[in-house]
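The structure under discussion appears below in the form of structure tokens.
The values are calculated or read from the model by the stated rules, or taken from the named source; none is laboratory data. Bear in mind the structure is a predicted one, so any value in this text is a computation, not a measurement. We place every Cβ from the backbone using ideal geometry, glycine too, and count neighbours over all the protein chains shown. These area figures cover heavy atoms from the full protein model, side chains too; ligands, DNA and RNA do not enter into them. Shrake-Rupley method; radii C 1.70, N 1.55, O 1.52, S 1.80 Å.
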Amino acid sequence: MNQRFRWPDERLIKAAQDGDVTSLTTVVMESQPHVRKFALSLCASPQDAEDAAQEALIILYRKIGTLRATGALASWMFRIVRNECLRHVRLLLVSRSDETSAEQEASAEPSAEDAVLHRLEAERIAAAVSALPRDQRQVLIMRDVQGLPGRTVAHALGLSNAAMKSRLHRARAALRHSLTGTDHTPDQAIDRPAGGDARP
């Protein structure tokens, strides 16, 4: 028999904000299943989701006193988890961008201005990627950011190769549209894996 989890009630949250350690521990424990659910729906991978959920619960424990309204716990935690998931995507993209820059600039040191522009572009792409539906976000990150082979991505997601390609095509089109407002942009909208095929 499945028990439906509920968010902690406002009296408990208020007691936790007032410094009652038992109430605070209970708030964190009762929030945990909701936070994990948020993370699994927002993050690109189960590992990222676990990391984001843990970080969000730590922030909840340490900073519950900054919550202005006891009834706003759910929306506060959602924002924290979303920001953590976005941070993971951003780190992946920045790392990927840095690798590509290092390959392209092997004989010349990139300027500080170029480095800033690279990071700003990674931030913009990370925000666009995080806004994609979960199924599209997963396949795009695994294929285009992490550089995994198409067959590996399809197997990991339990898809046929054709279904994976179709989902990836939709994800790339949605990302291009988000970044430019059109469906036709250069392939450089997101870094392709070094040495990878142009097609999935």
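Here are the numbers:
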quantity	calculated
Residue in the range 19-36 that is under 15 Å from Arg82 (Cβ atoms) and not in a helix (DSSP H, G or I) present	no
Residue pairs meeting the criteria (Cβ under 8 Å; at least 6 apart or on separate chains; first touching a residue at least 24 places away in the same chain (Cβ under 8 Å), in the range 40-54; second buried (at least 18 other Cβ atoms within 10 Å of the Cβ) and acidic (Asp, Glu))	Cys43/Glu84; Asp51/Glu84; Ala52/Glu84
Counted residues, the range 33-50 - those being at pLDDT 90 or above, buried (at least 17 other Cβ atoms within 10 Å of the Cβ) and either within 17 Å of Gln138 (Cα to Cα) or not β-branched (Val, Ile, Thr) (or both)	2
Matching residues, the range 21-31, being in contact (Cβ under 8 Å) with a residue 24 or more places away in the chain and open to solvent by less than 50 Å² (accessible area, probe 1.4 Å)	Leu24, Val27, Val28, Ser31
Residue list for the range 135-173, restricted to those being on the phi > 0 side of the Ramachandran plot and modelled with pLDDT of 80 or more	Gly158
Filter pass, Asn83 being at pLDDT 80 or above, more than 21 Å from the chain's Cα centre (by Cα) and over 14 Å from Ser45 (Cβ atoms)	no
Any chance Gly196 is at pLDDT 70 or above and outside any helix (DSSP H, G or I)	no
